Structure formats: structure tokens, C-alpha cells
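To start, the structure itself, in C-alpha cells.
Laboratory data are not the source of any read-out in this text; all were calculated from the coordinates shown. Nothing here was measured: the structure is a model prediction, and the numbers come from that model. With ideal geometry, Cβ positions are generated from the backbone for all residues, glycine too; neighbour counts draw on all protein chains shown.
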Amino acid sequence: MRFILFGSPGVGKGTQAKIISAKMNIPHISTGDILREAVHNKTPLGIKADEVMSRGELVSDEIMIGIIKDTLESQKCKNGFIMDGFPRTIPQAEELEKLLKSLNIPDVYLIYLHADEEEIVRRLTNRRACKKCQNIFVYSDIEGMAKCPVCGAEKSFYQRDDDKEEVIRKRIRVFNTTTKPVYTFYENKDRVISLDGTGEIDNITDHILEALKKKQKSIKTAFV
Ligand code: AMP
């Protein structure tokens with residue numbers, strides 16, 4: 001199974017990708033996670049990306065395309081992938097098409113999760129991350145906890161710079177201006193599945209899997 005999860009920051013792409021990745025046993029490719037790990041490890045890429053990400057802006061297409069090329073060519077993506085956070089610009093979408101073709105990978109679908117902007121701001125400002133394992137939590141779920149429930153790290157919760165309200169509004173603006181055209185790019189190829197990203201997490205997962213199954217029946221190339 002191969003598909004792109006697309007939508008505004010905070011719409012729940014990462015949450016859905018993690019659930020489906022575990023259920024279907026296919027890798028979750030999150031460019032945001034790859035960059036955050038590089039920032040955490042202070043690699044040359046991380047040092048370059050850190051400031052850009054904290055401002056809510058986009059890392060250059062050249063860097064991002066290089067990352068995706070290495071990832072898609074790796075053994076772990078051989079039998080499928082869920083792409084989350086890429087492509088985010090038209091040049092990225094164009095390069096992805098070329099790359100998939102060169103790897104003999106059939107056309108992928110873009111699942112567009114949408115939600116109201118104020119709901120997204122509310123969700124993101126309510127997120128906290130663990131400094132050690134990078135897992136994300138809803139603030140009210142971990143409020144008062146001394147240790148991270150996943151890795152056990154003590155006093156490790158923090159609010160990511162890019163989850164602060166002014167940065168979130170900027171990220172949404174960047175999505176609407178630079179990233180939204182990627183939706184049209186795939187729509188013109190008749191490869192978009194549009195779904196409501198609000199409601200119960202499990203229901204949204206079911207909707208995604210049902211929609212993909214339906215496509216599988218009508219167009220075999222969506223799944224291989
Ligand atoms: P995310 O977790 O997907 O919202 O990504 C967090 C941040 O990483 C974004 O706000 C961008 O600064 C950067 N980033 C992630 N993916 C991309 C991409 N495909 N192109 C450019 N920047 C990206």
C-alpha cells in the first residue's frame with residue numbers, strides 16, 4: 001500500500017499515519033520527524049533546518065527532495081509507504097512523480113484530511129512533545145505527570161517552537177499559499193480522496209482505509 005497523507009499542519013496526518021503504519025505494517029515516512037531527529041542530533045541538516053522550522057517556514061525543496069529520494073530508494077520502502085508532510089510544494093510533487101516513475105512505483109493517491117482552522121490552532125497549541133522520545137501528547141493527558149508515559153524520561157515535556165500560536169498561524173498561511181496547490185496538482189490527475197479530519201480518531205482511520213479499498217477495487221494501481 002502506498003499513499004500520501006495531505007492536509008494542514010495539525011489536522012492529524014501524523015496520528016493517522018502512525019496507526020495505519022502499525023495496522024498494515026508499512027513504514028510511515030514523515031519528513032517533519034526526519035528533520036526533527038536531525039535537529040535533535042545536531043547533524044549538519046538539523047543545524048540548517050532548525051531555524052527555518054522554528055519560524056514556521058519550509059525547508060528548501062532541494063534538501064527535501066534529497067531526503068525523500070534516499071528514503072524511497074531504501075529497502076524499507078520496497079513494499080509500501082505512507083508519506084506524511086511531503087510533497088509540500090509543486091516542485092516537490094513534480095520530483096516525486098519522476099522519482100516514483102524511475103523506481104517503477106505505480107501512481108499514488110493523495111488523501112486530503114481537512115478541518116476548520118480554529119480547531120487546528122486549538123489542537124496544536126494543546127500539544128506537548130517529549131524531549132527524549134519525541135512522542136506528542138495532548139496537554140490535558142499529561143498535565144501533572146512527572147514522567148513521559150512512553151519512554152519514562154523525567155520532566156521532559158515541552159511545547160515545540162512550531163506549536164506556538166503565532167508560528168501555527170504562519171504554518172497554516174504557508175499551507176494555504178504554497179502547499180494547497182499540491183492538492184490541485186493531484187486533483188488534475190484525478191488522484192485525490194478528500195475526507196473530514198475531525199471526529200473520533202478511529203473513525204477517521206476507518207474512513208481512510210475504506211476509501212483506499214474502494215479505489216483499489218476501481219483502480220488497481222493504488223495498491224501493489
Ligand atoms: P510537520 O511535522 O510535517 O508539520 O513538519 C514540521 C516542519 O518541518 C515544517 O513546518 C517545515 O519547516 C519542515 N518540513 C517538513 N516537511 C517539509 C517539506 N516537505 N518541505 C519543506 N519543509 C518541510
Looking at region 154-164 only, could you name the residues that are loosely packed, with under 15 Cβ neighbours inside 10 Å and either closer than 21 Å to L35 by Cβ or touching a residue at least 60 places away in the same chain (Cβ under 8 Å) (or both)? Y158, Q159, D161
Would you check which residues across region 177-207 are without any contact (Cβ under 8 Å) to a residue 40 or more places away in the chain, part of a loop (DSSP other than H, G, I, E, B) and over 21 Å from T15 (Cα atoms) and list them? N188, D190
Cross-chain or 6+ apart pairs with Cβ under 6 Å, region 41-56 first and in contact (Cβ under 8 Å) with a residue 12 or more places away in the chain, then surrounded by 12 or more Cβ atoms within 10 Å (Cβ to Cβ) and outside any helix (DSSP H, G or I): A49/V59
Can you tell me which of I90, I19, I82 is out of contact with any strand residue (DSSP E or B) (no Cβ under 6 Å at 6 or more places or on another chain), β-branched (V, I, T) and within 25 Å of E200 (Cα to Cα)? I19
Which residue pairs have Cβ atoms under 9 Å apart, sit 6 or more places apart or on different chains, and have a first residue in region 75-88 that is touching a residue at least 24 places away in the same chain (Cβ under 8 Å) and a second that is basic (K, R) and within 7 Å of the ligand (Cβ to nearest atom)? none
Take the residues in region 72-118 that are among the β-branched types (V, I, T) and closer than 15 Å to S30 by Cβ, then tell me which one is nearest to the ligand (Cβ to nearest atom). I82
Filtering region 14-49 down to residues that are closer than 25 Å to R173 by Cα and of a type in the set (S, T, N, Q), which residue is surrounded by the most Cβ atoms within 10 Å (Cβ to Cβ)? Q16
With R128, R123, R88 as the choices, which residue is in a strand (DSSP E or B), closer than 23 Å to G12 by Cα and of a type in the set (K, R)? R128
Filtered residue count, region 40-64, keeping only those that are of a type outside the set (D, E), more than 9 Å from the ligand (Cβ to nearest atom) and part of a helix (DSSP H, G or I): 6
Restricted to region 182-193 and to residues being of a type outside the set (D, E, K, R) and loosely packed, with under 15 Cβ neighbours inside 10 Å, the residue farthest from the chain's Cα centre (by Cα) is N188
Mind checking whether some residue in region 1-13 is farther than 21 Å from V138 by Cα, touching a residue at least 24 places away in the same chain (Cβ under 8 Å) and surrounded by fewer than 21 Cβ atoms within 10 Å (Cβ to Cβ)? yes
